[in-house]
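The values are calculated or read from the model by the stated rules, or taken from the named source; none is laboratory data. All values reported here derive from a predicted model rather than from experimental measurement. Cβ coordinates were reconstructed from backbone atoms using ideal geometry, including for glycine residues, and neighbour counts include every protein chain displayed. The accessibility values were calculated without ligands, DNA or RNA, using every heavy atom of the protein model including side chains. Shrake-Rupley method; radii C 1.70, N 1.55, O 1.52, S 1.80 Å.
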Amino acid sequence: MRRGKLHEFVIQKMTIVREVVHHAVRVFVNNTERFELLLEADDLRRAEKEAADSLGITLYELMQRAGEAAFNVAREAYPCSSHWLILCGHGNNGGDGYVVARLAVATGLRVTLLALESDKPLPDEARMAREAWLNAGGVIHAADIVWPDEIDVIIDGLLGTGLRSAPRQD
């Protein structure tokens, strides 16, 4: 998939994510339709911290578990895949992407990892996941490289709870 088409896909995905985050979702309980609000970003961050505390683990260890779960789901869904493209943003979703990438390479998969750069430092957990990826021999490519044609799976680690505005075309 060429950069232009994938860029359009990512913009569409970001738009969908924004709409879901900022609107109510319809759920059905006991055959009765009702609306519930999704967690706000601050609520989710608090819930992650509480989950880590209740398990007696760090937020980095929680990220490791989330990344491992994402890797297992993707591997199970695409068992014949051999080359994954992993897109990492500049937040903890990007950290999850680094974890997935490291695990994928450890099982013999070929990984091309693209990361968005920022002038802000990565959150601690994402920084540690990035360092673990690099220490495992991983390579980080700029987001504007020509993407390989033989990609089997794309893992999106671009956007998470830090999304605060509408996606931009640039």
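So here's what we get for this one:
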item: Flag for Asp152 being surrounded by 15 or more Cβ atoms within 10 Å (Cβ to Cβ) and in contact (Cβ under 8 Å) with a residue 60 or more places away in the chain; result: no
item: Any hit, the range 59-79, residues being modelled with pLDDT of 60 or more, within 24 Å of Asp124 (Cα to Cα) and exposed (fewer than 12 other Cβ atoms within 10 Å of the Cβ); result: no
item: Test: Ser82 is over 21 Å from Ala52 (Cβ atoms), in contact with a strand residue (DSSP E or B) (Cβ under 9 Å, 6 or more places away or on another chain), open to solvent by 10 Å² or more (accessible area, probe 1.4 Å) and among the hydroxyl-bearing types (Ser, Thr, Tyr); result: yes
item: Every residue from the range 85-129 that is touching a Cys at 6+ places or on another chain (Cβ under 8 Å) and open to solvent by 30 Å² or more (accessible area, probe 1.4 Å); result: Leu116
item: Subset tally (residues that are without any contact (Cβ under 8 Å) to a residue 40 or more places away in the chain and in a helix (DSSP H, G or I)) for the range 105-129; result: 3
item: Test: residue in the range 12-33 that is modelled with pLDDT under 50 and of a type in the set (Ser, Thr, Tyr); result: yes
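Residue by residue, here is whether (1) within 23 Å of Glu150 (Cβ to Cβ); (2) without any contact (Cβ under 8 Å) to a residue 40 or more places away in the chain holds:
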position	(1), (2)
Glu61	no, yes
Val73	yes, yes
Cys88	yes, no
Asn93	no, no
